[in-house]
Amino acid sequence: MKSKKKKKKNSKKKKKMKKSKKKKKKREEEEKEEEEQKEEKEHKEEEVEEEEGKNVKEEEEQKEEKNKKKKKSKTKKKRKKKSKKKKNSKKKKKSIKKKKKKKKKKKKQGKKKKKKKKKKKKKKKKKTSKKKNKKNKKKKKKSKKK
């Protein structure tokens, strides 16, 4: 049982590690792409400045900032959703665990009660049988005397 649980845990860890590695790789690729895009934009901006002046540069910067803000808000929403989902699943697991524990406790208590009842019954039976034996012995003695 324990080894199965351990194996399951280990496999889960491995999966998590793989996931995190993939995420890291993805993040690095995105950063590289962003840097390349920045360099291209700078090149373009330099050309545009020479052609049209500073007005165009300011407009592009504003657009870029707007896009960044949009992206940030999107990721924030995604993160919030994910964390909420995680919290809910944790709560669900906790409640299930609690219910199982309660059920186990009730079962145990029931078993204990049954055991106690059985013991009591046995004791009573023993007592009554002892009394009967005594009576029978007395009767036998009386009959022998006669």
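We did not get these values from a lab; they are worked out from the coordinates using the rules stated. Given the structure is predicted, the values throughout are model-derived calculations rather than measurements. Every residue, glycine among them, receives a Cβ derived from its backbone with ideal geometry; neighbour counts consider all protein chains shown.
Points to keep in mind about this one:
Listed here are the residues, each with its yes/no results for (1) loosely packed, with under 10 Cβ neighbours inside 10 Å; (2) closer than 30 Å to Glu30 by Cα; (3) in contact with a helix residue (DSSP H, G or I) (Cβ under 9 Å, 6 or more places away or on another chain).
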| site | (1), (2), (3) |
| --- | --- |
| Glu45 | no, yes, yes |
| Lys57 | no, yes, yes |
| Lys63 | no, yes, no |
| Lys106 | no, no, no |
| Lys112 | no, no, no |
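- Test: residue in region 95-114 that is free of Cβ contacts under 8 Å to residues at least 60 places away in the same chain, more than 30 Å from Glu39 (Cβ to Cβ) and of a type in the set (Val, Ile, Thr): yes
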